[in-house]
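*Asks:* Sharing a structure here in structure tokens format.
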Amino acid sequence: MIEAVPDRLDGSPRQLRRFWSDEFKATAVEQACQPGMNVSAVARQIGILPSQLYRWRRELLGGDEPGQAAETTDSQSFVSGPDPIVEIVIGNIVVRAGWHADEAHLQRVIRAVRSA
């Protein structure tokens with residue numbers, strides 16, 4: 001008969017759980033949301049996993065999927081400045097869309113540009 005005793009594995013690291021303040025999370029999310037910033041690079045820089053930063057972003061900005069950020073009722077905004085614009089270059093045509101553009105609509109526009 002085998003007896004199983006739950007215990008810490010010999011090779012597993014012994015770390016205490018870290019707790020982050022709301023201000024730290026907001027600052028990290030704000031930095032990750034800046035145009036041209038890489039979320040994984042920001043996460044490595046502050047010493048957390050990218051999945052943690054993605055979760056904080058989802059919690060602070062709302063929405064279940066990336067890119068579907070809910071409008072906040074706070075007077076504070078995590079992304080400052082003008083709305084981010086995405087530019088898609090197809091041949092000599094440039095399609096510009098705001099961050100709130102619907103993916104299905106963009107696909108239709110790109111198909112129309114390619115067929116023209």
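*Asks:* Could you work out Rg/(2.2 N^0.38 Å) for the stretch 22-61, with Rg from alpha carbons only?
*Replies:* Scaled against compact globular proteins, the figure is 0.98.
*Asks:* In what sequence, highest mean first, do 98-104, 41-47 appear when ranked by Cβ atoms within 10 angstrom?
*Replies:* So the peptides 98-104, 41-47, ranked by packing, come out 41-47, 98-104.
*Asks:* Within a Cβ distance under 13 Å of ALA43, other residues only, what is the Lys/Arg minus Asp/Glu net charge?
*Replies:* +4
*Asks:* Starting from the Cα-Cα distance between VAL95 and TYR54, subtract it from 0.36 nm times their residue separation and give me the gain in nm to one decimal.
*Replies:* Separation in residues times 0.36 nm, less the Cα-Cα distance, equals 12.0 nm.
Read-outs: derived from the displayed coordinates by stated rules, not from any lab. Keep in mind that this is a model prediction, so the values were computed, not measured. All Cβ positions, even for glycine, are placed from backbone atoms using ideal geometry, and neighbour counts span all protein chains on display.
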